[in-house]
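What follows is a single structure, written as structure tokens, with notes after it.
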Amino acid sequence: ISSVDPKFLNLTKVDDQIYSEFRKTFRDLKIDVLDPEELKSEPAKEKWRPFCLRFEGVVEDFNYGTLLRLDCRKDYTEENTIFG
């Protein structure tokens, strides 16, 4: 992954569709510096759950979690990482 320029990296065949749907659903979500409440609070879960379910049967392992950096400008550290 690190040897490919991210703008050319595709993880699934439907990356563009996922991103488009993501931006429609989470228009105001800042992605450079994440707020854990925007990911883990009950109101956030009510938005994330239906979003993820749209890709059931389309993306293998559609509901797996991932490690995210809270601030994209900083390295992966315990303080700057969240499981989402």
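Mean sequence separation of contacting Cα pairs (under 8 Å, at least six apart), scaled by the length of the chain, corresponds to a relative contact order of 25 percent.
Taking all protein chains into account, the per residue accessible area for the chain stands at 83 Å² (1.4 Å probe). The sum of -39500 (n - 2.57) across all DSSP H runs of n ≥ 4, divided by the residue count of the chain, sets its helix-only mean residue ellipticity at 222 nm to -9000 deg cm²/dmol. The orientation-averaged projected area of the convex hull spanned by the Cα atoms of the stretch 1-44 comes to 4.2 nm². A probe of 1.4 angstrom, applied to the heavy atoms of all protein chains, finds Glu37 with accessible area near 110 square angstrom. Take Lys24: with every protein chain present and a 1.4 Å probe, its accessible area is about 110 Å².
Computed over neighbours whose Cβ is under 15 Å from that of Trp48, the net charge equals 0, Lys and Arg +1, Asp and Glu -1. On the accessible surface of the chain, probed at 1.4 Å, how many percent belong to carbon and sulfur atoms? Heavy-atom surface of the chain belonging to carbon and sulfur, 1.4 Å probe: 53 percent. Within the chain, the ratio Rg/Rh, alpha carbon atoms throughout and Rh by Kirkwood, equals 0.95. Between the residues Trp48, Ser3, Thr81, the greatest Cα displacement towards the positive end of the dipole of the chain, with unit charges on the Cβ of Lys, Arg, Asp and Glu, is found for Trp48.
Close amide-amide hydrogen proximity is noted between Ser41 and no other residue 5 or more places distant or on a separate chain, at a cut-off under 5 Å (H modeled in the peptide plane; Pro and chain starts excluded).
The values are calculated or read from the model by the stated rules, or taken from the named source; none is laboratory data. Because the structure is a prediction, the values reported are computed rather than measured. Every residue, glycine among them, receives a Cβ derived from its backbone with ideal geometry; neighbour counts consider all protein chains shown. Surface areas here come from the heavy atoms of the whole protein model, side chains and all, with no ligands, DNA or RNA. Shrake-Rupley method; radii C 1.70, N 1.55, O 1.52, S 1.80 Å.
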